[in-house]
Structure formats: C-alpha cells, structure tokens
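A.B. asks: A single structure is presented below for examination.
The values are calculated or read from the model by the stated rules, or taken from the named source; none is laboratory data. A quick note: this is a predicted structure, and the numbers were derived from the prediction, not measured. Glycine also receives a Cβ, built like all others from the backbone with ideal geometry; neighbour counts cover every protein chain displayed.
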Amino acid sequence: MSWRLEDYRFDYPEHLVAVRPAEPRDASRLLVLDRAKTALEHRRFSDLAEYLKPGDCLVLNRSRVLPARVLGVKSTGGKADLLLVRRLSPRRWTALSAHLKPGARVNFDGGLCAVAERLDGSGEWILDFDGDGVEALMDRSGEAPLPPYIQKRRKSEPVETADRERYQTVYAKEPGSIAAPTAGLHFTAALLEELRERGVETAELILHVGPGTFRPVKTGDVREHPMLPERFEVPAETPEKLRRAKRLIPIGTTAVRTLETLAEADRSFRGVPDRGDASLFIYPGRPFRAVDALVTNFHQPDSTPILLASAFVGRERLLEAYREAVRLEYRLFSYGDAMLIL
C-alpha cells in the first residue's frame, strides 16, 4: 500500500475532459469494475439496472447547487469574481476569491454591497453585506459554479443559463452546495422509476458540497491532507432504509463520506445524528463500514475522491481501469462518464 500522492496520478489527453454533459443524462458510458472479476465491462448508464438486485439501496445526496458564482465591481473599479460558500447569517457569508483584500468594498447587481472583512482559517473571505438580499442576488444573476477546468476549456464562451439546471441531479432539493455530487448527474427520473419497479430502494442524505470535496491534495503523504468539514443532514426516514438494505450503494463520493460518517457513529444506523459536519477523509488503508458498491465518476489526479475510490477498490486496480478508460476515450471528470464498482 502506498500513501505517496504521486502514486495516484494518471496521464490523460486534455480532449477527454468533458466540458458539456451527455444528453440524455443516462446516455453516459458506464465502466463496470467487479472486484471479484478480472475483466472490465463497458456499458451505458441506462444499463445500470442489470447490475442491481431487489433489496439494494441507492444512497443519494439530494443537496442542490447554489448559483453561487457572482460578479461584482470593487470601489476601485476592478472586477471581482466571487464564489459564495457558506451562509453565516442573512448578511454574512464566506466566499472564495482571488480579487479581494481586507476592507475591499464590492458592489453587485441590484445595489447590494459587501465589505471583505478578513480571510478565515480555511482560506475563505468573510463578507459583510449591507442587506438581506444575497439569495435574491444569486437567483437573479448568479451563475452555476462550474469547475475551473470546464470554464477554462470553454474559453471565452459565457457560462450557459442551462448549466444552472443541468449541473444539478434530478433529485436535488435542498440548496447549499457549491459543486454538484456529479455521479448523480447521470440519473433520469425514468431510470429511477425503473429501478424502483425492480425492487431497488433509494435513501436520501444531504451533504452540502464545499471546498473540502474539491480542494486539491498537496501533501506528498496523502495522510497529512487536512480535510475541511462539510455540513450534512439525515432525513428522518433514512436510517430505517439503511438498516433494511441488502446492499448499500452510495451514488458518489459525497454520499460515501456521509454514509461512512454515520456508520462511525453507529454501524447499525440506530443512533446516528440528524445533522453535523463530515470531515472524514477516506484514503487507502481506511476500512469501510457501510459501503457495498459504488457509483462514481472519473476523478482528477491529486483529489480526495480518487483517493476514496482507490481505498474502495485498490490503487492498482483503479488506475488500471482509468488507463483502460483513457484508451477507449471515456469522457472524464464532472460532466464525464461513470464507473460502477461492485
């Protein structure tokens, strides 16, 4: 087993980075990696039902992505590009931005103004707004917070209005994330209904995706990476569904982290909290207490999700699958294709 970050890297050509999603959603390709078999299978996501059984339970993260990227103008006249992260109160938010200094004033569409107080310990700016209209600002003129590599590849093209809905799962409900739980982007309402008719249950969790999920790993020894906490909630009906499931199959690494956080509190899911902060960092060598299979996307090198997937299936087996996916030109990352790990 290796904890060296460099051992989890892989090569890929830039043209495989998906800048737009497949249409329809379940037309994405699906690489099936069965840990009990040697060969990989290559299917479509719409074929997922063939690998599931009655009594299986898909665990969905129903957090909804905020239109959290807002553009403003500083009092100096310069532009300010901000990614709003956390609501501290109606008039206080944290944000990520490379365009601020302490005391900077930023004016936004509609007359709202914010003052940058300071950076907090996680590298987010604390902003004081002069009104309660932050959510209205996002609804009115906020953009989908697409990953920087998508924005870069689109170059001068504007972020499309359609992304505000397409960069959401079809089961997204509670707003609060600044990135989508992307493994869920492949589901359609029809596919979910087909699975229910086959006896496959769904259980919902909420983990509001923040910088913790996508913050790059920069430590040479992956165990030294500090995992930032992210807020989770557990609907009242979920623990019972988790208890009666034959297999728990989380959809995406955010659902895995939430599920494993709950299992650490109580493996039987009887005494789990209904809300809290998930700061669990899953890397190779860390045992899984709840997960039986996993639906996930292809993740970037130096990311916490690729380390989580490696912990589940093994580093060599995962990287072998990634090399095969690159050879067969699977589409990569947030808007890319999917894997099913059994």
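A.B. asks: Select from the stretch 255-275 the residues that are touching a Phe, Trp or Tyr at 6+ places or on another chain (Cβ under 8 Å) and more than 21 Å from His225 (Cβ to Cβ) and list them in ascending order.
C.D. replies: Once the filter is applied, which keeps residues that are touching a Phe, Trp or Tyr at 6+ places or on another chain (Cβ under 8 Å) and more than 21 Å from His225 (Cβ to Cβ), the stretch 255-275 yields Leu262, Ala263, Arg275.
A.B. asks: Kindly indicate whether any position in the stretch 142-151 is aromatic (Phe, Trp, Tyr) and modelled with pLDDT of 95 or more. Step through it out loud before you land on a result.
C.D. replies: Filtering the stretch 142-151 for residues aromatic (Phe, Trp, Tyr) gives 149.
If we keep only those that are modelled with pLDDT of 95 or more too, we end up with none.
No, because not a single residue in the stretch 142-151 is aromatic (Phe, Trp, Tyr) and modelled with pLDDT of 95 or more.
A.B. asks: Oh, and also: Looking only at strands (runs of 3 or more DSSP E) that lie completely in the stretch 230-342, which have at least 3 residues being in the same structural domain as Tyr12 (by TED's automatic domain parsing), buried (at least 19 other Cβ atoms within 10 Å of the Cβ) and free of Cβ contacts under 8 Å to residues at least 60 places away in the same chain?
C.D. replies: So the answer is 230-233.
A.B. asks: Search the stretch 85-97 for residues being surrounded by 13 or more Cβ atoms within 10 Å (Cβ to Cβ) and assigned to a loop (DSSP other than H, G, I, E, B), and hand back the single one that is nearest to the chain's Cα centre (by Cα).
C.D. replies: Among them, the one singled out is Ser97.
A.B. asks: If you check Arg105, Arg91, which single one turns out to be in contact with a Cys (Cβ under 9 Å, 6 or more places away or on another chain) and closer than 30 Å to Gly121 by Cβ?
C.D. replies: Being in contact with a Cys (Cβ under 9 Å, 6 or more places away or on another chain) and closer than 30 Å to Gly121 by Cβ holds for just one of Arg105, Arg91, which is Arg105.
A.B. asks: Oh, and also: Is it true that Ile206 is among the aliphatic types (A, V, I, L, M), farther than 20 Å from Gly336 by Cα and touching a residue at least 24 places away in the same chain (Cβ under 8 Å)?
C.D. replies: For Ile206, the condition - among the aliphatic types (A, V, I, L, M), farther than 20 Å from Gly336 by Cα and touching a residue at least 24 places away in the same chain (Cβ under 8 Å) - is met.
A.B. asks: Could you check the stretch 98-194 for strands (runs of 3 or more DSSP E) lying wholly inside it with 2 or more residues that are touching a residue at least 60 places away in the same chain (Cβ under 8 Å)?
C.D. replies: It comes to 174-177.
A.B. asks: Right, next: I'd like to verify a number: residues in the stretch 248-272 that are of a type in the set (Lys, Arg) and at pLDDT below 95, how many?
C.D. replies: Within the stretch 248-272, the subset of a type in the set (Lys, Arg) is 257, 267, 270.
Still in the list and also at pLDDT below 95: 267, 270.
Result for the stretch 248-272: 2.
A.B. asks: Please work out which one of (1) over 15 Å from the mean Cα position of the chain (by Cα); (2) surrounded by 15 or more Cβ atoms within 10 Å (Cβ to Cβ) is the condition Tyr171 fails and give its number.
C.D. replies: Result: Tyr171 passes all but (1).
A.B. asks: Output the number of residues of the stretch 214-229 satisfying the condition of being over 19 Å from Pro181 (Cβ atoms) and surrounded by 16 or more Cβ atoms within 10 Å (Cβ to Cβ).
C.D. replies: Number of matching residues: 3.
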